[in-house]
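What follows is a single structure, written as structure tokens, with notes after it.
The values are calculated or read from the model by the stated rules, or taken from the named source; none is laboratory data. If you're wondering where the values come from, they're calculated on a predicted model, not measured in any experiment. Ideal geometry is used to build each Cβ from the backbone, glycine not excepted, and the neighbour counts take in all protein chains shown. The accessibility values were calculated without ligands, DNA or RNA, using every heavy atom of the protein model including side chains. Shrake-Rupley method; radii C 1.70, N 1.55, O 1.52, S 1.80 Å.
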Amino acid sequence: MKAVILAGGEGTRLRPLTLTVPKALVPVVNQPFLEHVLTYLRRHGVDQAVLTVSYLADRLKEHFGAGGNHGLSLVYSVEEQPRGTAGAVRAVAGLLDGAFLVLNGDLFTDIDLTGLVAFHRQKGAAATIALIRVDDPTTFGMVETDGQGRVLRFVEKPRREQVTTHYVNGGIYVLEPEALALVPESMHYMFESGLFPRLLAEGWPVYGYATEPFWHDIGTPERYLQLHAELLGGRCPSIWPGAPSDPTRGCYADPTAVVEGQVLLGLGAVLGPESRVLGPAVLGAGCRLERGAVVDGGVLWSGVSVGAGAHLERCLVGSGCRLGPGVVAEAAVIGNNVAVPEGGRLARGAKLPVVAQT
Ligand code: GDD
Ligand code: MG
């Protein structure tokens, strides 16, 4: 089976980290995000994935090549201009045959794709949408179904007074070629506001597959940290086993260093005397904590150095950053290769370098 991955977004809400790193390469438990996704697809029998990208496409090609390392073949479709979610898939129709999968490229989930495809076939659907249940549907596509799972209504980002169900679009679809053929060629077109409402208005069989999967997106710093906390806690064992029982294996930890809670340390990390790492926390390969430095929650990418006595709480720090002695930060998001001088105190939630609000 083939899958199209929508990875055209710029990851604006994860800036400044995504200024130089496409979201697909953002590390999750020390492994590029898309690697997890490809392994998951492979496990469900996907043998070819088409990656629709625009932003920083060359970085992705460099890293993933033809996909062989992941046991599937990877094809790239690079958009000069964003074509919209459905337009992006329409543009690669020539690479597809039969029913195929579409995935939003910002999801970390263990949705049962095999079950989803079987359900789609059993219902004879033109399109099947994987549904998840959320407390607040207003930031999602709300999907109303009948007792048999047939979709009655699809409302993207409903206003609060429009909410009639807590089931929403989980960002994964199975589509038949006839459904894709309704997407106009060469124009910006969305599944959410275009194809799904149209299929419903024309009476096509559209179904919703409701399960209770592990499901997280990595769209914002808060969600990214939350995903890490869940993974470290072992809540998605089919994809990642949870924090190791001895996180310091393969690292250099001074006997006076303290590692507490659920922690993942990358290869070659160095924990100096009296430094502390308090979970849920992830340090990438080659990170270094000097004497008395504290990382209390958060995710540090690779090669970050944290000076003596510095204190980082729930921060997200890009690769190669150098935080001087005594630096204090809480919930900060720091892009790659930033240096913060000795004694620097960052405002709570600071972004460095400063990024324009979006
Ligand atoms: N190739 C390409 N081209 N990809 C695109 C484009 C485009 O023009 N526009 C968006 N995408 C990709 C994004 O990179 C992302 O992976 C995916 O499509 C969804 O876009 P988001 O911007 O993340 O949308 P959202 O999170 O607000 O809402 C979507 O996802 C929700 C689930 O997380 C919708 O599909 C909702 O209905 C859904 O509930
Ligand atoms: Mg999204």
### Size of electric dipole in segment 149-210: Cβ of Lys, Arg +1 and of Asp, Glu -1, about Cα centre, debye, nearest 20
340 debye
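Evaluate E = 1/(1 + (r/R0)^6) for residue 188 and residue 260, where r is the Cβ-Cβ distance and R0 equals 41 Å; express this FRET efficiency to the nearest 0.05. Please report the intermediate quantities before stating the final value.
Details: r = 50 Å, r/R0 = 1.21.
For residue 188 and residue 260, the calculated efficiency is 0.25.
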### Task
Please report, in debye to the nearest 20, how large the charge dipole of the chain is about its Cα centre when each Lys and Arg carries +1 at its beta carbon and each Asp and Glu carries -1 there.
260 debye
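Return a whole-number percent for the relative contact order of the chain, with Cα pairs under 8 Å and 6 or more residues apart as the contact set.
On the way: 888 pairs, mean separation 46.9, N = 358.
After rounding, I find 13 percent.
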### Query
Among rounded, prolate and oblate, which fits segment 75-143 when a ≥ b ≥ c are the square roots of the eigenvalues of its C-alpha gyration tensor, a/c under 1.5 means rounded, and a/b larger than b/c means prolate?
oblate
### Query
Which residue fluctuates the most in the chain, going by a Gaussian network model with Cα springs under 10 Å, if the choices are 39, 164, 145?
164
### Task
Please compute the Cα-Cα pair-distance distribution of the chain with 20 Å bins starting at 0, giving whole percents from short to long.
29, 52, 18, 0
### Query
Of 241, 175, 213, which is farthest on the positive side of the dipole of the chain, counting Cα position, with +1 on Lys and Arg Cβ, -1 on Asp and Glu Cβ, and the Cα centre as origin?
241
### Message
Rolling a 1.4 Å sphere over the protein heavy atoms, what is the accessible area per residue of segment 2-211, to the nearest Å²?
### Response
41 Å²
### Query
Over the Cα atoms of segment 2-211, Rg to Rh with Kirkwood Rh, two decimal places?
0.95
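How would you rank 5-12, 174-181, highest first, on the average number of other Cβ atoms within 10 Å across their residues?
On the way: 5-12: 21.6, 174-181: 18.4.
Listed from highest to lowest mean packing, they are 5-12, 174-181.
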### Summary
Using alpha-carbon positions, the gyration tensor of segment 268-340 gives root eigenvalues a ≥ b ≥ c; with a/c under 1.5 called rounded, otherwise prolate if a/b exceeds b/c, else oblate, the class is rounded
### Query
Using a basic spin-label model with each label point 7 Å from the Cα along Cα→Cβ, how many nm lie between residue 354 and residue 201?
4.6 nm
### Task
Can you pull the one-decimal nm distance between simple spin-label points at residue 222 and residue 342, each 7 Å off the Cα toward Cβ?
3.7 nm
### Message
Between 135, 112, 296, where does the largest GNM mean-square fluctuation fall for the chain, given springs only between Cα atoms within less than 10 Å?
### Response
135
### Query
For labels at residue 62 and residue 118 in the simple 7 Å Cα→Cβ model, what's the distance in nm?
4.3 nm
### Message
Is there a quick way to get the dipole size of segment 252-352? I mean about its Cα centre, with the Cβ of Lys and Arg at +1 and of Asp and Glu at -1; what is the value in debye to the nearest 20?
### Response
260 debye
#### Entry: segment 153-283: C-alpha pair distances exceeding 17 Å, %
72 percent
### Ranked by how many other beta carbons lie within 10 Å on average, peptides 121-134, 336-349 from highest
121-134, 336-349
### Message
Suppose R0 equals 35 Å. What FRET efficiency, 1/(1 + (r/R0)^6) with r the Cβ-Cβ distance, do residue 267 and residue 238 give to the nearest 0.05?
### Response
0.90
### Top of 107, 323, 200 by mean-square fluctuation, Gaussian network on the chain, Cα under 10 Å
200
### Task
Calculate, in nm to one decimal, what residue 80 and residue 152 gain on full extension: separation in residues at 0.36 nm each, minus their alpha carbon distance.
22.4 nm
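Considering only segment 2-211, what is the antiparallel percent among its DSSP beta bridges, to the nearest 5? Write down the numbers at each step before the final one.
On the way: 19 of 40 bridges.
Antiparallel: roughly 50 percent of the beta bridges in segment 2-211.
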### Query
In terms of Cα to Cα distance under 21 Å, which lysines are near enough to residue 61, apart from those fewer than 8 places away along the same chain?
2, 23
#### Entry: Most positive-pole-ward Cα, 9, 203, 307, against dipole of the chain from beta carbon charges
307
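Under the 0.36 nm per residue contour assumption, what length would be gained going from the current alpha-carbon distance of residue 95 and residue 246 to full extension?
Values: separation 151, 0.36 × 151 = 54.36 nm, distance 4.57 nm.
That works out to 49.8 nm of additional length.
Percent of accessible area on the chain owned by carbon and sulfur, 1.4 Å probe? Spell out each step's value before the answer.
Working: 7400 of 15080 Å².
Here carbon and sulfur together make up 49 percent of the probe-accessible area.
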#### Entry: If the convex hull is drawn through the Cα atoms of segment 201-358, its volume per residue in Å³
132 Å³
## Note on the structure
Checked segment 36-103 against the a/c 1.5 cut and the a/b vs b/c comparison, axes a ≥ b ≥ c from its Cα gyration tensor; verdict oblate
